[in-house]
Amino acid sequence: MKKLPEKPELSFKMYELISGYWVAACIHSVAQLDIADKLLNGPKTLSELVEETESDEKSLYRLLRAVTSVGIFKERGDGAFELNDFGATLLTDVPGSVKPWALANLGEHYPAFGELTYGVKTGKVAFEHAHGIPVWEYYKQNPEAGFNLAKAMAGMSGAVLKTIIDAYDFSPYKTLIDLGGGNGAMMFAILSATPESTGIIFDEPYVVEQTVQHIPEDLKQRCAVVGGNFFEDVPAGADLYMTKWVIHDWNDDESIKILKNVQKSMPMGGKLLIVDSVIPDNSRNTPHAGKLLDINIMAMTTGKERTLSEFKFLLESAGLTFKRLIQTATEVSSIVECEK
């Protein structure tokens with residue numbers, strides 16, 4: 001007869017890991033109810049929050065009791081709830097907000113994780129199985145969700161942009177192109193740090209229609225947007241091309257096609273930076289943020305997080321020369337520098 005390990009603490013640890021989504025689902029609910037925003041101007045009683053959120057009093061209290069138990073918001077001795085620094089990460093439309101990620105990850109992304117075993121058994125994309133269409137088509141058909149995802153990525157970018165700028169000297173480059181640049185957060189940060197440079201944000205037309213509206217006033221003379229499809233071609237003439245969290249969205253064949261188009265458009269000696277998580281080769285049993293991020297990518301897209309050896313294969317296949325790997329302060333934003 002099989003026996004459980006004689007270490008009950010391991011069973012309790014496994015229960016904790018399995019039940020982790022309980023907290024995530026609670027965060028999703030408080031994000032949907034805009035609790036952080038409602039507490040921004042000062043503490044509020046449960047009754048006030050019940051009225052403002054149109055919620056059941058007992059159920060709302062149980063939700064708030066759960067999130068305060070993990071440090072999100074604070075329940076005071078008089079029964080009122082107040083915003084704290086941890087809860088403030090869920091405020092609406094503030095730099096670095098995690099609220100859009102909570103709405104996306106526990107919203108349209110969540111059904112894909114329920115189909116993860118399907119993806120593992122078939123090698124197909126769980127999101128497509130759950131929703132019936134590829135993820136990028138989903139966002140075209142649901143622009144409000146797509147806009148929220150753009151804000152989610154901006155919030156995540158905010159946490160790593162300083163580490164990228166600290167790790168790489170962008171000042172020698174006069175013209176920069178950010179491929180799949182989304183809402184422009186990376187380009188805006190780089191141009192602010194390099195006053196002699198100009199930049200182009202390249203992405204799908206429906207994306208850059210929004211991006212152009214968010215170019216900071218002081219950058220409008222140095223920053224432009226171009227709509228297109230990097231599977232067809234990319235703008236020519238820049239001395240530095242960049243992609244952040246783009247190549248990991250695509251399988252090897254798709255990635256090589258993108259990189260070949262970049263290679264065609266680059267001048268000889270031009271540089272390309274690929275900002276992605278780079279999982280160390282031969283890192284068996286070693287924790288790395290990219291290993292779990294890879295499961296998200298597997299559930300959502302055809303892509304994957306890669307090791308440096310896998311990146312070198314892509315670059316060689318696209319006719320590009322690997323120069324160096326630059327580690328930043330986060331495991332999700334290493335810089336792979338290559339050259340034509």
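The numbers here are math on the coordinates, done by the rules we state, and not lab data. Quantities reported herein were computed from a predicted structural model and do not represent experimental measurements. As a convention, Cβ positions derive from the backbone with ideal geometry for all residues, glycine included, and neighbour counts pool all protein chains shown.
How many percent of the alpha carbon pairs in segment 121-225 exceed a separation of 18 Å?
For segment 121-225, the share of Cα pairs beyond 18 Å comes to 54 percent.
In bins 5 Å wide, starting from 0, what share of all Cα pairs of segment 1-150 does each bin hold, as a percent?
2, 8, 14, 16, 15, 13, 12, 10, 5, 3, 1, 0, 0
What are the residues whose amide H is under 5 Å from the amide H of Lys174, where those residues sit 5 or more places off or on another chain and H is modelled from the backbone?
Amide H to amide H, under 5 Å and 5 or more residues apart or across chains, Lys174 pairs with Asp239.
Considering only the other residues whose Cβ falls under 9 Å of the Cβ of Met266, what net charge follows from Lys and Arg at +1 and Asp and Glu at -1?
Result for the local shell: +1.
Explain nothing, just the number: relative contact order of the chain, from Cα pairs under 8 Å at least 6 residues apart, as a whole percent.
Value for the chain: 13 percent.
When each pair of different Cα atoms in the chain is counted once in the 1/r mean, what is the Kirkwood radius in angstroms, to one decimal?
Details: mean 1/r = 0.0454 Å⁻¹.
Every distinct Cα pair counted, the radius reaches 22.0 Å.
If exposed means no more than 12 neighbouring beta carbons inside 10 Å and the site is in a DSSP loop, what's the longest run of the chain without any exposed GluC sites (Glu not before Pro)?
Answer - 55-195.
Mind listing the phi-derived Karplus ³J(HN,Hα) values for segment 243-251, rounded to whole Hz, using 6.51, -1.76 and 1.60 with θ = phi - 60°, and x for any glycine or proline?
Coupling constants for segment 243-251: 9, 10, 6, 10, 4, 5, 7, 10, 6 Hz.
Dipole of the chain (Lys/Arg Cβ +1, Asp/Glu Cβ -1, origin at the Cα centre): which of Gln141, Ile256, Leu161 lies farthest to the positive side?
The one lying farthest along the dipole's positive direction is Ile256.
By Kyte-Doolittle mean hydropathy of at least 0.0 and Cα axial length of at least 24 Å, which whole DSSP H helices of the chain are selected?
Details: long enough: 143-167 (34 Å, 0.62).
Membrane-span-like by this rule: 143-167.
For segment 169-203 and segment 66-85, compute the distance between their C-alpha centroids and round to whole Å.
Going from one Cα centre to the other spans 40 Å.
Provide the net charge surrounding Glu128, with neighbours chosen by a C-beta distance below 10 Å and charges set as Lys +1, Arg +1, Asp -1, Glu -1. Walk me through the numbers before you get to the answer.
Details: positive: Lys124; negative: Glu115, Glu137.
It works out to a net charge of -1.
Which loop trypsin sites (Lys or Arg not before Pro) in segment 241-307, with loop taken from DSSP, have no more than 15 other Cβ atoms within 10 angstrom of their Cβ?
When the trypsin sites (Lys or Arg not before Pro) of segment 241-307 are filtered for loop state and at most 15 Cβ neighbours within 10 Å, Arg284 remain.
Could you pull out every one of the lysines with an alpha carbon less than 28 Å from that of Lys38, ignoring same-chain neighbours closer than 8 positions?
Correct list for Lys38: Lys58, Lys74, Lys99, Lys151.
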